[in-house]
Amino acid sequence: QVDHAILVWPDIRTGNNDIFAYRISPDGDFVWGADGLQLSSGEAFDAAPKVMVTNAGNAVFAWQADDVIIGQKISPEGTLLWGPNGLELSSANTLSWPQLLPVGEDDIIMKFFEDSGPVWAPTRHVFAQRFDPSGIMVWPQPVVITDAGGISAWTQIFPFINDGSDGFFIAWH
């Protein structure tokens with residue numbers, strides 16, 4: 001079951017901005033059904049979905065839903081491994097722009113922002129958290145990458161790569 005394409009995007013086919021995921025085989029078969037898997041529903045504005053595949057072959061997705069981040073892990077067969085609603089990260093402030101990195105056999109590290117202030121000029125702090133295969137946080141608290149602020153509202157995706165020892169390098173300007 002290698003060489004499949006995993007796709008994710010927000011779609012308005014339900015009347016709301018919801019997240020849909022597809023797994024396409026090398027032969028062009030829609031493994032998770034012709035309509036894919038609907039990962040979100042409801043009235044939240046779901047945006048900026050990301051996907052990566054763990055070394056065990058499971059796909060992990062994350063996106064922003066209004067002020068929180070939602071994560072979901074899906075088996076190659078299409079089973080929702082983190083329950084029907086996935087996992088939710090929340091804060092007193094807005095959490096935004098998740099990015100995912102596979103580590104270990106089936107763990108992930110998620111980078112995300114915590115924003116306060118106006119959306120056009122947030123005070124933006126950068127955090128990371130490691131999740132085990134069950135979606136449980138490995139680190140007692142998210143790791144602070146920077147809480148200095150000064151990151152613009154238009155800086156959203158950072159280079160974020162595995163360091164070869166289940167850690168990571170991250171950079172921004």
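Report, ordered by the first and then the second residue, all pairs with beta carbons closer than 7 Å, sequence separation of six or more or different chains, a first member in the stretch 67-80 that is closer than 12 Å to Asp46 by Cβ, and a second member that is assigned to a loop (DSSP other than H, G, I, E, B) and open to solvent by 20 Å² or more (accessible area, probe 1.4 Å).
Short answer, once both residue conditions are applied: Val68/Ser90; Ile70/Gly86; Gln72/Leu39; Gln72/Trp82; Gln72/Gly86.
Here's the yes/no breakdown for (1) open to solvent by less than 50 Å² (accessible area, probe 1.4 Å); (2) at pLDDT 95 or above:
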| position | (1), (2) |
| --- | --- |
| Ser41 | no, no |
| Ala44 | yes, no |
| Ala59 | yes, yes |
| Gln64 | yes, yes |
| Val68 | yes, yes |
| Gln72 | yes, yes |
| Pro76 | yes, yes |
| Thr79 | no, yes |
| Pro84 | no, no |
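Scan the stretch 122-173 residue by residue and report those that are under 19 Å from the mean Cα position of the chain (by Cα), not in a loop (DSSP other than H, G, I, E, B) and not aliphatic (A, V, I, L, M).
Within the stretch 122-173, Arg124, His125, Phe127, Gln129, Arg130, Phe131, Phe160, Asn162, Phe168, Phe169 qualify.
Is it fair to say Ile109 is farther than 24 Å from Leu81 by Cα and either open to solvent by less than 50 Å² (accessible area, probe 1.4 Å) or of a type outside the set (Lys, Arg) (or both)?
When the stated conditions are applied, Ile109 does not pass them.
What are the pairs with Cβ atoms under 6 angstrom where one residue, in the stretch 142-155, is over 15 Å from Ile170 (Cα atoms) and the other, located anywhere, is in a loop (DSSP other than H, G, I, E, B) and open to solvent by 50 Å² or more (accessible area, probe 1.4 Å)? Sequence gap at least six, or different chains.
Once the first residue is over 15 Å from Ile170 (Cα atoms) and sits in the stretch 142-155, its partners that are in a loop (DSSP other than H, G, I, E, B) and open to solvent by 50 Å² or more (accessible area, probe 1.4 Å) give Ala153/Trp120.
Within the stretch 24-47, does at least one residue satisfy the condition of being closer than 23 Å to Asn162 by Cβ and outside any loop (DSSP other than H, G, I, E, B)?
The answer is no, given that none of the residues of the stretch 24-47 is closer than 23 Å to Asn162 by Cβ and outside any loop (DSSP other than H, G, I, E, B).
The values are calculated or read from the model by the stated rules, or taken from the named source; none is laboratory data. Worth saying up front: this structure is predicted, and the values here are computed from it rather than measured. Note that each Cβ is placed from the backbone with ideal geometry, even for glycine, and that neighbours are counted across all protein chains shown. Side chains included, ligands, DNA and RNA excluded: accessible areas come from the protein's heavy atoms. Shrake-Rupley method; radii C 1.70, N 1.55, O 1.52, S 1.80 Å.
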